[in-house]
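No value in this document is a laboratory result; all are computed from the given coordinates. Keep in mind that what you see is a predicted model, and the values were worked out from it rather than measured. Here the Cβ is made from the backbone with ideal geometry for all residues, glycine too, and neighbour counts use every protein chain on show.
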Amino acid sequence: MTLDLAFVHGPLWPYIMIILCGLLPTEVWRILGVAAARGVPEGSLFLVWVRAVSTALLAAVVAKLLLSPSGALALVPWWGRTGAIVIGFACFFAFRRSFFAGIVIGEAALIAAATWWGG
């Protein structure tokens, strides 16, 4: 009996690998976190600490992408990356705190900066 891995060579293999290696492992921890936090008051010191740590991690990732990018993002000038963040942040508030609007418009600004000045 042999295992047929024909799907690995098809056009969908990158998406299958993203789901298997990226989505599923993180979703397991997310579900376990929700189950563990059930019954914990929202204002508890533990959840305040968790929120602070997650905010700090997100800020660190944004700072890393802004100040020390790698790959194709390194070709975009620093002012293009900074401008995209500022535009996305402004649109977040302009569209009534819409994450979707902030992300989509900020990404469009980053793509525009990369297209025009990215080399």
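Here the Karplus curve 6.51 cos²θ - 1.76 cosθ + 1.60, taken at θ = phi - 60°, turns the phi angles of region 61-75 into couplings of 5, 5, 5, 4, 5, 7, 8, 9, x, 10, x, 5, 5, 5, 7 Hz, with x standing for Gly and Pro. Once you have the Kirkwood Rh of the chain from its Cα pairs, apply Stokes-Einstein at 10 °C and 1.306 mPa s and quote D in µm²/s. It comes out at roughly 89 µm²/s. Converting phi to 3J(HN,Hα) with the Karplus coefficients 6.51, -1.76 and 1.60 and the offset θ = phi - 60°, region 37-54 yields 8, 4, x, 7, x, 5, x, 5, 4, 4, 5, 5, 5, 4, 5, 5, 5, 5 Hz in sequence order, with x at every glycine or proline. Whole-Hz Karplus values for region 84-95 come out as 5, 5, 5, 5, x, 5, 5, 5, 4, 7, 5, 9 Hz, taken residue by residue from phi with 6.51 cos²θ - 1.76 cosθ + 1.60 and θ = phi - 60°; glycine and proline positions read x. Across the chain, the mean sequence separation of Cα contacts (distance under 8 Å, 6 or more residues apart), normalised by length, yields a relative contact order of 18 percent.
The tail of the calculated P(r) for region 75-116 beyond 14 Å holds 38 percent of all Cα-Cα pairs.
Here the gap between Glu42 and Glu27, fully extended at 0.36 nm per residue and compared with their Cα-Cα distance, gives a gain of 3.2 nm.
Quick one: if the Förster radius is 22 Å, what FRET efficiency do Leu67 and Phe99 give, using the C-beta to C-beta distance and rounding to 0.05?
That gives a FRET efficiency of 0.40.
Computed over region 69-119, relative contact order equals 45 percent, with contacts defined as Cα pairs under 8 Å that lie 6+ residues apart.
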